[in-house]
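Reading through the structure tokens given below for one structure.
The numbers here are math on the coordinates, done by the rules we state, and not lab data. Because the structure is predicted, anything quoted here is derived from the model rather than measured. Backbone-built Cβ (ideal geometry, glycine too); neighbour counts: all protein chains shown.
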Amino acid sequence: MSVWKKTVSLTLALCLLCGICLSASASTFTDAHGNVIELDDTLEAYADFVLAGAQDAARRGETNLGDLWADALRWFAVSGTLNGYFEEDDVTAGNTEIAVDADHIVALWNGGNLRADVAEGKFGAEELAAVLPFPNKVAVVYMTGAQLLEALEAASQGLPYTEETAAACASLMQVSGLKYTVDTAVAYDKGEAYGENWFKAASLGRVSIDEVNGQPFDAEAVYAVITHNANFNGMDSSYVFKQAAAENEKSTITTAVVRDVVWLYIAGELQNRVSGAYAEAQGRIIIK
């Protein structure tokens, strides 16, 4: 073998070896659906306090992590960043931006999809993957105020949280852009069974929406609810989401991965530091 061929062979072998070593050392995460996700280890942020997601915290009531997560989704829409993530078919059909004003945009995120704390101090992509071990994508569902109220009524049916109602409480909605009250002294009016742990609402009475983006709640208005693909498709108690999505052709699932959106918000809006207002829950959900 010539010196040149030996040199080329050695170079290729070294490249292959380096590639194997880099691959083996790359940080990966296997999500709850078995997908192996390569994490961006360069992402780095800081929390000045614990963001609560473990021990069913977001199923029991509002948490600071729930506020942060929902704020990230609403920011994604209000800022216009979401506009670059519509599917090709949506763009072709002219669905290229949120079809309501900012004061009619809210975000809802079910507490069962917040699975871990983010500890005080430095955190990265691995910690966010532990919080949300699902490949959720951002979705937009247009619904009337009356539908939004029913969605929150159904989502709150497991309250007050107990060991027996823990599964049903997975549907409890963390929110951004609205405040609501759940009166647990009023019994949930169970209608048709929906899945293993939930029932459709036969009537409304235990949930009230106190305000939407600082304005009075309007049952007749159309709101854009920013959430994720599983709610869009009716998971947990979200039968209203599925119904509303089917009724409005502008409702859609985008290409944006939720964890990426949360990072965009933390990096861009919070300058990689979770502090201040997120020290504790902000009073968006009142449970009587």
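Measuring from centroid to centroid over Cα atoms, what is the spacing of region 183-210 and region 74-125 in Å?
Taking the Cα centre of each part, region 183-210 and region 74-125 sit 27 Å apart.
If I stretch the segment between ALA246 and THR81 completely, what's the gain in nm (0.36 nm per residue apart, minus their alpha carbon distance), one decimal? Don't jump to the answer; show the numbers that get you there.
Working: separation 165, 0.36 × 165 = 59.40 nm, distance 2.44 nm.
Taking ALA246 through THR81 to full extension adds about 57.0 nm, to one decimal.
About the Cα centre of the chain, what is the dipole size in debye to 20, counting +1 per Lys and Arg Cβ and -1 per Asp and Glu Cβ, all else neutral? Please report the intermediate quantities before stating the final value.
Working: 18 positive and 39 negative charges, 151 e Å.
Magnitude of the dipole: close to 720 debye.
Among all lysine pairs in the chain that are eight or more places apart or on different chains, how many have alpha carbons less than 26 angstrom apart?
The result is 17.
Under a 5 Å amide H to amide H cut-off, with H placed in plane at 1.01 Å, what residues pair with PHE199 once short-range neighbours are removed?
Hits under the 5 Å cutoff: TYR194.
With springs only between Cα atoms under 10 Å apart, run a GNM on the chain and tell me which of SER176, SER237, SER79 wobbles the most.
SER79
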